[in-house]
Amino acid sequence: GKALQSGTSHDLGQNFAKAYDIKFVDADRAIKHAYTTSWGVSWRMLGGLIMTHGDDRGLRIPPKMAPIEAVLIPIVRSNDDRATEACRQLAERLTDAGFRVRADLRDAQPGWKYSEWDIRGVPVRIEIGPRDVDAGTAVLARRDRSKGDADQRRSVALAEIPVVLRDLLEDIQGSLYREAKAFLDKQTIATTNRDEFLELCRTRAGMIDIAWCERPECEAAVKTATTATTRVLHELDDPKATCTACGEPAKARAYFAQSY
């Protein structure tokens with residue numbers, strides 16, 4: 001329910017470039033120390049991903065960002081190791097088809113492996129046991145669904161897995177986005193009443209959307225009264241609107257929120 005402060009720009013000048021002897025050749029062919037910036041994005045984006053998509057079981061990484069899109073886990077019975085070879089062969093096929101996959105062939109219980117890869121947020125788990133080998137199938141389990149959901153697991157013919165997996169990854173990507181967007185929309189409230197705005201800033205987690213004058217002293221007054229500050233500006237929909245916080249002519253709409 002709080003905003004994540006990121007994308008803040010810092011002009012570092014040549015301080016770090018001189019410390020690490022980072023140089024470039026300018027247009028006049030003179031060698032100079034580089035002028036550097038810092039934007040405070042990388043680690044905060046990772047934190048935002050975890051906070052937005054994680055659940056009680058661990059990470060849920062969107063497929064487009066996942067280092068591993070699918071993990072293959074054999075279910076091995078005594079004196080029957082065919083599932084291991086089936087996982088190895090399928091992993092090779094999927095890799096050749098352009099997927100980022102890993103076959104977990106470690107000597108450990110399948111349930112233990114399931115939990116580990118759930119924690120790590122791999123979007124899809126592919127399970128192959130002796131019965132699947134006999135049937136020429138595998139079970140695909142999607143990480144974005146809860147255990148027991150009707151569409152959390154499905155049996156798929158081995159020959160169809162590349163096509164089904166591609167579609168499934170796209171569906172998971174969209175599902176995670178829609179879930180996050182719905183939560184953001186639920187946590188965003190627009191108001192034109194000053195008292196309501198200040199009370200919402202003090203007591204409600206989420207984004208408070210108002211018409212705003214963009215004056216630093218106005219933001220400072222809101223911060224003093226509530227500790228909330230501006231997060232993002234967006235287009236003013238009414239050119240005659242006045243600032244909800246102070247009554248001056250508005251120049252934009254702004255989301256106010258508490259931040260980490």
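What follows is calculated from the coordinates using simple rules that are stated; it is not laboratory data. All of these numbers come straight from a predicted model, not from anything done at the bench. Every residue, glycine among them, receives a Cβ derived from its backbone with ideal geometry; neighbour counts consider all protein chains shown.
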ask   = Can you tell me which residues in the range 128-153 are under 16 Å from P74 (Cα atoms) and either exposed (fewer than 14 other Cβ atoms within 10 Å of the Cβ) or among the polar types (S, T, N, Q) (or both)?
value = R131, D134, A135, G136, T137
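Quick grid of which residues meet (1) under 21 Å from S6 (Cα atoms); (2) surrounded by 12 or more Cβ atoms within 10 Å (Cβ to Cβ); (3) out of contact with any Ser or Thr (no Cβ under 9 Å at 6 or more places or on another chain):
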residue	(1), (2), (3)
R202	no, yes, no
M207	yes, yes, no
E219	yes, yes, no
R231	yes, yes, no
H234	yes, no, yes
D237	no, no, yes
A241	no, yes, no
Flag if G13 is of a type outside the set (A, V, I, L, M), under 30 Å from L169 (Cβ atoms) and surrounded by 13 or more Cβ atoms within 10 Å (Cβ to Cβ) = no
task = Please state which of the following conditions T192 fails to meet, knowing it meets all the rest: (1) in contact with a Lys or Arg (Cβ under 8 Å, 6 or more places away or on another chain); (2) more than 13 Å from A228 (Cβ to Cβ); (3) outside any helix (DSSP H, G or I); (4) not aromatic (F, W, Y).
result = (1)
key: In the range 154-200, the residues that are surrounded by 12 or more Cβ atoms within 10 Å (Cβ to Cβ) and of a type in the set (K, R)   = R154, R166, R194
